[in-house]
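> Quick one: the structure is below, questions incoming.
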Amino acid sequence: MLKPSQTAYVPFVSVENMMRLVLHVGIEKMLTELAAEIEADFARWPLFDKTPRVASHSDIGVIELMPTSDGETYGFKYVNGHPSNTKRGLQTVTAFGLLADVATGYPLMLSEMTILTALRTAATSAMAAKWLAPKGSTTMAMIGNGAQAEFQALAFKAVCGITEVRLYDIDPAATAKCARNLQGLGLNVVSCKTSEEAMLGAQIVTTCTADKQYATILTDNMIGSGVHINAVGGDCPGKTELHRDILLRSGIFVEYPPQTRIEGEIQQLDADHPVTELWEVITGAAEGRKDERQITLFDSVGFAIEDFSALRYVHSRLKESGLFVDLDMIADPDDPRDLFGMILRAQSA
């Protein structure tokens, strides 16, 4: 068999190597660097191709493709969301992604993105809170203690200076898991028996639940003035976490309105309800938090540019870390017009 040329190989970052990369860099440093990478791309938001993700919905979940390009590099992510998977011993979310060179269309890197999505989601949350949360915030309530919770807690510690996280989940085992995983990582971790208890003293509230349904995780009377809400769990049509009245009292900040109005908390509001795009706050084109009493809401559904940023970050680490394997992915015949001849030559090699 003919040996593939160097052009045929595409770097692949496996789950094993992604875990090794996290440990090599350090999780808090990686979250901080990812947040900076994502913020830098938000600052050049107008350069990107933007489209709502392409979603295939079923009664039990969703499968999505999330593409974007900055004109030089193209990226996409494949991702699913199936809340009932955990009952079968499976992940709710799995993902992989690809970067490609716009000039040639050739792939630059293929990567797992189940772990990377958890990292980029947390980094995006903390980056947004840096711009929107009350200054000097030290305490966060974490409502929903599943696979994303520890990443969120550590991102807010690393980027925003949070020192205490108050945990609540309807499943006490999830809270116990999260508290156990966060032991010794520099946070005061408080396990709570109710969501109301978790809210005590919190300047930042993160909701990250998984049920694919309209839900009221936070009621209006639970949210006092000056709180920043990081709503992560509402991310597809028919799936929300906040009472509508909370939205009506809040300054609402979003990633990409055409997608968020379909998938986010604001699907509960009129189509022309005013929202502010986060990139405008970062570039100074729009105001962020107005005063210490304002309730700010980051209605986070996840957008392709964040995945693009995360993939580019990992790609930038390949040479230094060596944490990848080469996959023989691109057919590279001696004559680019003679693909069939390449097969014939392989038969006789």
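The values are calculated or read from the model by the stated rules, or taken from the named source; none is laboratory data. The structure displayed is predicted, hence computed values, not measured ones. Backbone-built Cβ (ideal geometry, glycine too); neighbour counts: all protein chains shown.
> Can you find, within the range 291-303, the residue that is surrounded by the fewest Cβ atoms within 10 Å (Cβ to Cβ) among those that are closer than 22 Å to Glu241 by Cα, in contact with a Gly (Cβ under 8 Å, 6 or more places away or on another chain) and of a type outside the set (Val, Ile, Thr)? Quick ask: steps written out before the conclusion?
Looking only at the range 291-303, we keep the residues that are closer than 22 Å to Glu241 by Cα, and these are 294-303.
Checking which are in contact with a Gly (Cβ under 8 Å, 6 or more places away or on another chain) leaves us with 294-297, 299-301.
Next cut, of a type outside the set (Val, Ile, Thr) only: 294, 297, 299-300.
On the way: Gln294: 17, Leu297: 26, Asp299: 29, Ser300: 28.
Among those that are closer than 22 Å to Glu241 by Cα, in contact with a Gly (Cβ under 8 Å, 6 or more places away or on another chain) and of a type outside the set (Val, Ile, Thr), it is Gln294.
Quick grid of which residues meet (1) surrounded by 12 or more Cβ atoms within 10 Å (Cβ to Cβ); (2) more than 28 Å from Ala35 (Cα to Cα):
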| residue | (1), (2) |
| --- | --- |
| Ile246 | yes, no |
| Ser250 | yes, no |
| Glu263 | yes, no |
| His273 | yes, yes |
| Trp279 | yes, no |
| Arg289 | yes, no |
| Phe340 | no, yes |
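> Residues of the range 139-158 being more than 16 Å from Glu241 (Cβ to Cβ) and touching a Gly at 6+ places or on another chain (Cβ under 7 Å), which ones?
Residues satisfying the conditions are Thr139, Lys157.
> If you don't mind, there's one more thing I want to ask. If Ala118 satisfies every condition in (1) outside any strand (DSSP E or B); (2) over 16 Å from the mean Cα position of the chain (by Cα) but one, which is the exception?
Checking Ala118 against (1) outside any strand (DSSP E or B); (2) over 16 Å from the mean Cα position of the chain (by Cα), the one that fails is (2).
> Provide a single number: the residues in the range 66-92 that are hydroxyl-bearing (Ser, Thr, Tyr) and at pLDDT 95 or above.
Let us first name the residues in the range 66-92 that are hydroxyl-bearing (Ser, Thr, Tyr), namely 68-69, 73-74, 78, 84, 86, 92.
Imposing the further condition that a residue be at pLDDT 95 or above reduces the set to 68-69, 73-74, 78.
Going through the range 66-92 one residue at a time, the tally reaches 5.
> In addition: Take Ile246 and decide whether it is more than 30 Å from Leu110 (Cβ to Cβ), in contact (Cβ under 8 Å) with a residue 12 or more places away in the chain and assigned to a helix (DSSP H, G or I).
Working: more than 30 Å from Leu110 (Cβ to Cβ): yes; in contact (Cβ under 8 Å) with a residue 12 or more places away in the chain: yes; assigned to a helix (DSSP H, G or I): yes.
Taking the combined requirement at face value, the residue satisfies it.
> Are there any pairs with C-beta distances below 7 angstrom linking a residue in the range 310-336 that is more than 16 Å from Glu112 (Cα to Cα) to a residue that is of a type in the set (Val, Ile, Thr) and exposed (fewer than 12 other Cβ atoms within 10 Å of the Cβ), with the two at least 6 apart or on different chains, and if so which?
Cβ pairs passing all conditions: Ile330/Thr7; Asp332/Thr7.
> Return the residues of the range 163-206 that are among the charged types (D, E, K, R) and buried (at least 18 other Cβ atoms within 10 Å of the Cβ); say none if nothing qualifies.
Answer for the range 163-206, where residues must be among the charged types (D, E, K, R) and buried (at least 18 other Cβ atoms within 10 Å of the Cβ): Arg166, Asp169, Lys177.
> Still on this structure, I have one more. Taking the range 5-17 as the search range and keeping residues that are closer than 13 Å to Met109 by Cα and among the hydrophobic types (A, V, I, L, M, F, W, C), which one is surrounded by the most Cβ atoms within 10 Å (Cβ to Cβ)?
Initially, the range 5-17 is screened for residues closer than 13 Å to Met109 by Cα, giving 7-14.
Retained after the next criterion (residues that are among the hydrophobic types (A, V, I, L, M, F, W, C)): 8, 10, 12-13.
On the way: Ala8: 16, Val10: 20, Phe12: 18, Val13: 27.
It comes out as Val13.
> Taking Thr216 as the residue in question, decide whether it is modelled with pLDDT under 95, in contact with a Leu (Cβ under 8 Å, 6 or more places away or on another chain) and either under 24 Å from Thr124 (Cα atoms) or not assigned by TED's automatic domain parsing to the domain that holds Ala129 (or both).
Numbers: modelled with pLDDT under 95: yes; in contact with a Leu (Cβ under 8 Å, 6 or more places away or on another chain): yes; either under 24 Å from Thr124 (Cα atoms) or not assigned by TED's automatic domain parsing to the domain that holds Ala129 (or both): yes.
It is true that Thr216 is modelled with pLDDT under 95, in contact with a Leu (Cβ under 8 Å, 6 or more places away or on another chain) and either under 24 Å from Thr124 (Cα atoms) or not assigned by TED's automatic domain parsing to the domain that holds Ala129 (or both).
> Another one. Are any residues in the range 96-113 touching a Lys or Arg at 6+ places or on another chain (Cβ under 8 Å) and free of Cβ contacts under 8 Å to residues at least 60 places away in the same chain, and if so, which ones?
Hit for the range 96-113 is Phe96, nothing else.
> Can you find even one residue in the range 250-273 that is in contact with a Lys or Arg (Cβ under 8 Å, 6 or more places away or on another chain), in contact (Cβ under 8 Å) with a residue 60 or more places away in the chain, hydrophobic (A, V, I, L, M, F, W, C) and in the same structural domain as Asp171 (by TED's automatic domain parsing)?
No, every residue in the range 250-273 fails to be in contact with a Lys or Arg (Cβ under 8 Å, 6 or more places away or on another chain), in contact (Cβ under 8 Å) with a residue 60 or more places away in the chain, hydrophobic (A, V, I, L, M, F, W, C) and in the same structural domain as Asp171 (by TED's automatic domain parsing).
> Residues Glu37, Glu16: which one is in contact (Cβ under 8 Å) with a residue 40 or more places away in the chain, part of a helix (DSSP H, G or I) and of a type outside the set (Phe, Trp, Tyr)?
Numbers: Glu16 fails: in contact (Cβ under 8 Å) with a residue 40 or more places away in the chain.
From the options Glu37, Glu16, the qualifying one is Glu37.
> Let me ask you something else. Being assigned by TED's automatic domain parsing to the domain that holds Ala202 and either more than 26 Å from Ala40 (Cβ to Cβ) or within 24 Å of the chain's Cα centre (by Cα) (or both): is that true of Val325 here?
Values: assigned by TED's automatic domain parsing to the domain that holds Ala202: no; either more than 26 Å from Ala40 (Cβ to Cβ) or within 24 Å of the chain's Cα centre (by Cα) (or both): yes.
Against the criterion (assigned by TED's automatic domain parsing to the domain that holds Ala202 and either more than 26 Å from Ala40 (Cβ to Cβ) or within 24 Å of the chain's Cα centre (by Cα) (or both)), Val325 does not qualify.
> Give the residue, chosen from Ala95, Ala55, Ala103, that is exposed (fewer than 12 other Cβ atoms within 10 Å of the Cβ) and either small (Gly, Ala, Ser) or modelled with pLDDT of 95 or more (or both). Before the answer, list the steps.
Values: Ala95 fails: exposed (fewer than 12 other Cβ atoms within 10 Å of the Cβ); Ala55 fails: exposed (fewer than 12 other Cβ atoms within 10 Å of the Cβ).
Within the list Ala95, Ala55, Ala103, the selection yields Ala103.
> Could I ask something else about it? Would you mention how many residues in the range 261-293 are under 22 Å from Ala304 (Cα atoms) and assigned to a helix (DSSP H, G or I)?
12
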